[in-house]
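Accompanying notes for the structure given below.
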Amino acid sequence: MSIRFEAKTSTFTLHTQHSTYQMQLDPMGHLLHLYYGRSVGDASNFDLYPAADHGFSPDYHELENVRGSYSPDVLPQEYPGANRGDFRVPAADVADAQGARGLELIYQSHSVHAGAYTLEGLPASHGDDCETLAIQMRDPVLGLGVQLLYGVYEQQDMITRAVLFTNEGSQPLTLEKAASACLDLPFGSWDLIQFHGRHAMERQMERTRLDHDTRRVGSVRGASSHHHNPFVILCEPAATEDYGSCYGVMPVYSGNHCTDVEVDFNGSTRLVTGIHPDGFRWLLNPGETFTTPQVLLCYTHEGLSDLSHHYHRFIRQSLCRGTANQTSQVLINNWEATYFHFDQDKIYDIAQKAASLGVGMMVLDDGWFGKRDTDTSGLGDWFVNTQKLQGGLAPLIQKINDLGMKFGIWIEPEMVSEDSDLYRAHPDWALTLPGRKPVLGRSQLVLDMSRPDVVDYLTDCFTKLLSENHIEYIKWDMNRNMTDVYSHALPPERQGEVFHRYIMGVYTLLDRLTTRFPHVLFEGCAGGGGRFDAGMLAYLPQIWCSDNTDAIERLSIQYGTSFGYPVSAVGAHVSACPNHQTGRTVPLGTRGVVAMSGTFGYELDLNKLSRKELSLVKRQIARYQSYAELIRTGDYYRLTNPAGADFWHGWQFAAPDGSEALMNVVVVHPQGNPRPLHIEWKGLDPNSLYKVVRAELQGVHPGLPAHDWAKAIAGQKFTGAQLMYAGQTLPQLYGDYPSVQILIRKTR
Ligand code: GLA
């Protein structure tokens, strides 16, 4: 049993393999947060909070005589409401029909059941390896029932949380804020790690010390955004990849999210996470229930790599639904090869060359439908552009299938061009403000996904596309953020619900299509990685990581992404050089090494490559296929920070049982007289013997000693302890962005 309730002390204890999460009811029925951290057993930890007069801290009316020594102002709370004596960031803010704001939750009952909970209309983790605790709280004055849900994945060290609000009274209530979770850490000082960015430069890792203020990581763009990823880490200042207390907080949400972290006057830290309160207002009529998104919490005392490994495994095993469709198959996408300028012959040419090299799928990107020769028109008209594809999709798909390749296609369901038949027929289906010209993004408008009729229409459109054509992969794009957020189908008092109803509409469409077409591999995308989050990953096992395909820029993007998300989720392709985003030229071999740390594919016209390059592509594909299992399911280790001072960047995969490992090193700043490049392997069995299966150099100038080293090292044996603790020194890798991959395997 991972969930215990000790009646004598009214203490709830949630146990995972390596962590303890503890809460306690106080005599008035408030739910206090006692502890979350390294395993401590079942004993109540309430004496962590001795009574002390904090001056100016308000008192519960029932306890007026204790004067500031038992105050909501300082006690750690499990789910604090606004305007009742706790001045820190609230988890919820509720107003009654008179506009009186105030929420104070009192315990009613609790229940425990085997298995994971589900959330109506929202993505949530699944699995039998979970136990659920539901604590029923109530504000008797508002007549509001609040159910706090906890999913405990004992073996995976993961605790999920979500909240259900039910109006049990007779007056309408308004939720001004409804977060998914609060986490009070009364002691310690903490670093905040967050992943900020911009289009083509997503998830740049930033680590800062928390001070006496409130930090906010969030998005009000209608999508989780390129700008602030919905994943943060709090870690002790001394924490490294291999050591130290770390808390991960990952909302399973793709819309406006917000994580506030406050350090208060007492030096205690509070984190509140969930839907962004700006632009949010939810009318809860009697009998109605509002469900918050889920959040995934993980604690480890073993550093950042261990935290990442927990999220990687959890997302693959207990969040994604469709990973079975991911294989070692390599795809080619025509976007950077042709942009909008193609016809069926051009696509077939690319496919034919790719098939001859071992590529297994041809993906037709934007431009195949409606009037779509530029990005200014056609979105919404999901019928084939027969000027480009004479005879429609079916003959092209057949020809591609005849090459032994699968066929995939790009769609952008949530968008509409002003210049489209769909918009002309249904102008009220777009988000626009009455009386104003809508603000444009990439010349397009956003469909009002909060409308069930829009979601039904799109369901029919794409059900038809997928039923009538042999399509085995979908790239689901979303290329602008939301403005003019107003639904022509909702009354004035419900306009604060549009952002959240929108993303629920997206989830409904995703749910319908992925359920109806389980054999189709869906890949998410939003101008690259603008919606790279756990919410999308619940439906789609992989997401195009960034529109930036420059291998060197990708190092920091993929590095930041790796803290929360598994490599199996990271869409990565080899593209042409000079690179279309940066103008940089990186050796084809190194481009392959970087793209292999993702769902490997190509995005260029292979017909433009030389014979020598084509033969390298063929070897690259074969190599990726032999590494694919290790890359997708191995433990991922970051060896350097690409934004740091090192002239090289390294990362490594190790099979969870330590049987094999793959080292990747890229020289990012070629230097005249570099220091020795020394690597220390991770995740091996110190007592086993490992053989170097192969060391492959890429982009190293011919005739240099490194080539002799690569030949000589193959077949050599080292103990795991040698490789991990003494490490290895690599030869100097001269060239423009050279790289090396070393595969080792356990031997006798
Ligand atoms: C977005 C995607 C690209 C490509 C284009 C097509 O930018 O991120 O990969 O699909 O749209 O318009």
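The values are calculated or read from the model by the stated rules, or taken from the named source; none is laboratory data. Keep in mind the model is a prediction, meaning the values are calculated, not measured. Every residue, glycine as well, gets a Cβ built from its backbone with ideal geometry; the counts of neighbours run over all protein chains shown. Protein only, heavy atoms only, side chains kept; ligands, DNA and RNA dropped before computing areas. Shrake-Rupley method; radii C 1.70, N 1.55, O 1.52, S 1.80 Å.
Can you work out which of the residues in the range 591-640 that are within 16 Å of the ligand (Cβ to nearest atom) and of a type in the set (A, V, I, L, M) is nearest to Leu662 (Cα to Cα)?
Ala595
Residues that are open to solvent by 40 Å² or more (accessible area, probe 1.4 Å): which strands (runs of 3 or more DSSP E) entirely in the range 688-748 hold 2 or more of them?
Working: elements: 689-698, 717-719, 728-730, 739-747.
Ranges flagged: 689-698, 717-719, 739-747.
Let me spell it out: the conditions are (1) among the charged types (D, E, K, R); (2) outside any strand (DSSP E or B); (3) surrounded by 23 or more Cβ atoms within 10 Å (Cβ to Cβ); (4) in contact (Cβ under 8 Å) with a residue 60 or more places away in the chain, and Glu553 meets all of them except one. Which number is the exception?
(3)
Return yes or no: is Gly99 closer than 30 Å to Glu493 by Cα and either among the polar types (S, T, N, Q) or open to solvent by less than 20 Å² (accessible area, probe 1.4 Å) (or both)?
On the way: closer than 30 Å to Glu493 by Cα: yes; either among the polar types (S, T, N, Q) or open to solvent by less than 20 Å² (accessible area, probe 1.4 Å) (or both): no.
It is false that Gly99 is closer than 30 Å to Glu493 by Cα and either among the polar types (S, T, N, Q) or open to solvent by less than 20 Å² (accessible area, probe 1.4 Å) (or both).
(1) more than 13 Å from the ligand (Cβ to nearest atom); (2) among the hydroxyl-bearing types (Ser, Thr, Tyr); (3) farther than 19 Å from Pro413 by Cβ: which one isn't true of Thr549, the others all being true?
(1)
Does the range 212-223 include one or more residues that are assigned to a loop (DSSP other than H, G, I, E, B), of a type in the set (A, V, I, L, M) and closer than 17 Å to Gly644 by Cβ?
Our first condition is that a residue be assigned to a loop (DSSP other than H, G, I, E, B); within the range 212-223, this holds for 212-213, 219-223.
From the residues that got through so far, the ones that are of a type in the set (A, V, I, L, M) too are 220, 223.
Imposing the further condition that a residue be closer than 17 Å to Gly644 by Cβ reduces the set to none.
No, every residue in the range 212-223 fails to be assigned to a loop (DSSP other than H, G, I, E, B), of a type in the set (A, V, I, L, M) and closer than 17 Å to Gly644 by Cβ.
Output the number of residues of the range 486-545 satisfying the condition of being free of Cβ contacts under 8 Å to residues at least 40 places away in the same chain, more than 16 Å from the ligand (Cβ to nearest atom) and open to solvent by less than 10 Å² (accessible area, probe 1.4 Å).
Of the residues in that region, 1 qualify.
Here are Glu6, Glu78: which of them is over 35 Å from the mean Cα position of the chain (by Cα) and charged (D, E, K, R)?
Details: Glu78 fails: over 35 Å from the mean Cα position of the chain (by Cα).
Going through Glu6, Glu78 in turn, the sole match is Glu6.
If I ask for residues that are within 16 Å of the ligand (Cβ to nearest atom) and of a type in the set (D, E, K, R), which ones from the range 386-426 would you list?
Lys388, Glu412, Glu414, Asp419
Which condition number in (1) open to solvent by less than 10 Å² (accessible area, probe 1.4 Å); (2) within 14 Å of the ligand (Cβ to nearest atom); (3) farther than 25 Å from Ile275 by Cα is the one that Ser568 fails?
In the conditions (1) open to solvent by less than 10 Å² (accessible area, probe 1.4 Å); (2) within 14 Å of the ligand (Cβ to nearest atom); (3) farther than 25 Å from Ile275 by Cα, Ser568 misses (2) alone.
Quickly run through the range 618-675 and pick out the residues that are of a type in the set (A, V, I, L, M) and more than 27 Å from Arg584 (Cα to Cα). Step through it out loud before you land on a result.
Step one: filter the range 618-675 for residues of a type in the set (A, V, I, L, M), giving 621-622, 628, 630-631, 639, 643, 645, 654-655, 661-663, 665-668.
Correct list: Ala628, Leu630, Ala654, Ala655, Ala661.
Which of the numbered conditions does Arg442 fail, given that it passes all the others? Conditions: (1) open to solvent by 30 Å² or more (accessible area, probe 1.4 Å); (2) in contact with a Lys or Arg (Cβ under 8 Å, 6 or more places away or on another chain); (3) more than 23 Å from His341 (Cβ to Cβ).
(3)
In this structure, does Pro293 turn out to be open to solvent by less than 10 Å² (accessible area, probe 1.4 Å), in contact with a His (Cβ under 6 Å, 6 or more places away or on another chain) and outside any strand (DSSP E or B)? Give the steps one after another, and end with the answer.
Values: open to solvent by less than 10 Å² (accessible area, probe 1.4 Å): yes; in contact with a His (Cβ under 6 Å, 6 or more places away or on another chain): no; outside any strand (DSSP E or B): yes.
Against the criterion (open to solvent by less than 10 Å² (accessible area, probe 1.4 Å), in contact with a His (Cβ under 6 Å, 6 or more places away or on another chain) and outside any strand (DSSP E or B)), Pro293 does not qualify.
Which residue out of Asp139, Asp128 is at pLDDT 95 or above, surrounded by 20 or more Cβ atoms within 10 Å (Cβ to Cβ) and of a type in the set (D, E, K, R)?
Values: Asp128 fails: surrounded by 20 or more Cβ atoms within 10 Å (Cβ to Cβ).
Exactly one residue qualifies, and that residue is Asp139.
If the Cβ limit is 8 Å and pairs must be 6+ apart or interchain, which residue in the range 210-224 that is more than 11 Å from Leu271 (Cα to Cα) pairs with which residue that is of a type in the set (Phe, Trp, Tyr)?
If the second residue must be of a type in the set (Phe, Trp, Tyr), the pairs left are Leu210/Trp190; His212/Phe265; Gly222/Phe499; Gly222/Tyr502; Ser224/Tyr253; Ser224/Phe532.
Of the residues Asp381, Asp345, Asp349, which single one is over 20 Å from Glu629 (Cβ atoms) and within 16 Å of the ligand (Cβ to nearest atom)?
On the way: Asp345 fails: within 16 Å of the ligand (Cβ to nearest atom); Asp349 fails: within 16 Å of the ligand (Cβ to nearest atom).
Matching residue, one of Asp381, Asp345, Asp349: Asp381.
Open to solvent by 30 Å² or more (accessible area, probe 1.4 Å) and in contact with a helix residue (DSSP H, G or I) (Cβ under 6 Å, 6 or more places away or on another chain): which single residue out of Tyr107, Tyr70, Tyr35 fits that description? Even if it seems obvious, please write down each step before you answer.
Values: Tyr107 fails: in contact with a helix residue (DSSP H, G or I) (Cβ under 6 Å, 6 or more places away or on another chain); Tyr35 fails: in contact with a helix residue (DSSP H, G or I) (Cβ under 6 Å, 6 or more places away or on another chain).
Only one candidate passes the filter, namely Tyr70.
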